[in-house]
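Report on the following structure.
Readers should treat all values here as calculations from the given coordinates under stated rules, not as data from a laboratory. Here the structure is a predicted model, which is why all the values come from computation and not from measurement. Positions of Cβ are generated from backbone atoms using ideal geometry, with glycine treated the same way; all protein chains shown enter the neighbour counts.
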Amino acid sequence: MKKLILIGLLSYGAAAFADGGNTLLEVPVTYHPDAGVVAKVKEECQIESMLSHRVGPVLAKMNKAGDGTIPSGSDTAGANLLRLQITHVLGVGGGAWSGPKAITVNADLLDASGKVIRHTKINRWSMGGMFGGFKGTCSILDRSAAAIGKDLSRWVRDPSYQIVEEAAPKEAEAAPTTEATPEKVQ
């Protein structure tokens, strides 16, 4: 009986290891050349860093090692690569008082040879949650980045998982989309 259990554990471990192994987030996360984002929000919130700090740890937890990131152009040592590109950020200064905030990214999962295995687009919205009226734009956008991290965790693990684009909150219809107000964004 012990031999049977040992054989089962070894074969399970071998299958998990042969499955392609780790996935690492390529850093820095970049902006698409035509990305729509208010300059002040881009500068103050540093969405690319926010996504790195939300997605990297999720991948590290899946990998059970490291920090889940790898610098662009580095040898992946056989790991898959997750490449994110920010295509749009909805948000102006004023926190929840200036409407909902959203981050849209394109995600590519590449194998160790650099071939794209899968591609998806993720758009996550937030009004700031409970006490949203007391939060700044950057902290509300960080909620969207956290949701993107959770989505990507499942998407990377499960090839059959389809990320469903969230509909914009009703408040987004009236949200301003012009330049940021002169006030501080955070």
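Which order do LYS61, LYS101 fall in if you start with the one that has the fewest other Cβ atoms within 10 Å? Numbers along the way, then the final one.
Details: LYS61 11, LYS101 31.
Listing LYS61, LYS101 from fewest to most nearby Cβ atoms yields LYS61, LYS101.
Within the set of other residues whose C-beta is less than 14 Å from the C-beta of PRO71, count the net charge using Lys and Arg as +1 and Asp and Glu as -1.
On the way: positive: ARG83; negative: GLU26, GLU48, ASP67, ASP75.
Neighbour charge sum, excluding PRO71 itself: -3.
What are the ³J(HN,Hα) couplings of segment 113-120, residue after residue, when phi is run through the Karplus curve with 6.51, -1.76, 1.60 and θ = phi - 60°? Round to Hz, x for glycine and proline.
Residue by residue, segment 113-120 yields 8, x, 7, 5, 8, 8, 9, 8 Hz.
Under 5 Å between amide H atoms, partner at least 5 residues away or on a different chain: which partners does HIS88 have, H built in plane at 1.01 Å?
GLY36, THR104
R0 = 30 Å: FRET efficiency of VAL164 with ASP75, Cβ-based, nearest 0.05?
Details: r = 35 Å, r/R0 = 1.16.
Computed FRET efficiency for VAL164 and ASP75 comes out at 0.30.
State whether segment 22-174 is rounded, prolate or oblate according to the following rule on the C-alpha gyration tensor (a ≥ b ≥ c being the square roots of its eigenvalues): a/c under 1.5 gives rounded; otherwise a/b larger than b/c gives prolate, and the remaining case gives oblate. Before the final figure, lay out each step's value.
Working: a/c = 1.99, a/b = 1.85, b/c = 1.08.
Cα axes put segment 22-174 in the prolate bin.
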